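A short reminder: the numbers here are calculations on the coordinates, not readings from a lab. Keep in mind it's a predicted model, so treat the numbers as computed, not measured. For neighbour counting, all protein chains shown are included, and Cβ atoms are generated from backbone atoms with ideal geometry for every residue, glycine included.
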Amino acid sequence: MSKIELRESRPKGRRHEAACLVCRHPQRDEIESEWIGWGQTSKLAQQYGVSRDSLYRHCHALGLFEKRRRNLRAALERIVEQADSVEVSASSVVAAATALAKINSSGQWVDKIEQVNLNDFFDRMTAQELEQYAQTGDLPEWFKQMVGTTATGNDGPEDERDG
């Protein structure tokens, strides 16, 4: 986050700033930027020599919690980034990566839905492929790859043995 964006979020009144250790800190912009980027509050407080409580008061006074929430991608990126250096389960890394893929640049959760019109694929089939499908129910390989096994009703090797 740029210094200009951080400054725009600050209240016009000087009452908070006059008493706030974070506001008067020479590295205020870095503190705010790292906190909005999901840096650990306790670690940041220790690193910059301010109390955890004063950092929280500062963030509340300036409305930085909303900016932090919108920056959820940064938190998820940290989880994925550290996957090889900390003990985490594979499922937690996959869950974080999945969540990360669903969050847009504005921090909004977006579920992507893909719809497939099977009629379009049947229209692309040759007369020979249609005849084969009519006689045996077998779809061409390209059709299966395009649509996926779930949509075609084949869940795996068991279906091939049953047929």
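Subtract the Cα-Cα distance of Gln128 and Gln47 from 0.36 nm times their separation in residues, and report this length gain in nm to one decimal.
Details: separation 81, 0.36 × 81 = 29.16 nm, distance 7.11 nm.
Here the segment from Gln128 to Gln47 would lengthen by 22.0 nm.
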Nearest-0.05 FRET efficiency for Thr98 and Gln145 at R0 = 22 Å, using Cβ-Cβ distance, is 0.45
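For Tyr56 and Gln115, compute 0.36 nm times the residue count separating them, minus their Cα-Cα distance, and round to one decimal in nm. Don't jump to the answer; show the numbers that get you there.
Values: separation 59, 0.36 × 59 = 21.24 nm, distance 4.50 nm.
The Tyr56-Gln115 span can extend by a further 16.7 nm.
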Using Cβ counts within 10 Å as a stand-in for footprinting exposure, how do Asp111, Asp123, Asp29 rank, fewest first? Asp111, Asp123, Asp29
What list of ³J(HN,Hα) couplings, whole Hz, do you get for the range 60-70 from phi and the Karplus terms 6.51, -1.76, 1.60, once you set θ to phi - 60° and write x for glycine and proline? 5, 4, 9, x, 7, 4, 5, 4, 5, 4, 5
Provide the gained length on full extension for the span Gln27 to Glu66, in nm with one decimal, where the gain is 0.36 nm per separating residue minus the Cα-Cα distance. 11.9 nm
Burial ordering of Glu81, Glu32, Glu129, Glu87, fewest other beta-carbon atoms within 10 Å first: Glu87, Glu81, Glu129, Glu32
Nonlocal amide H pairs with Ile103, under 5 Å, H built at 1.01 Å: Val110
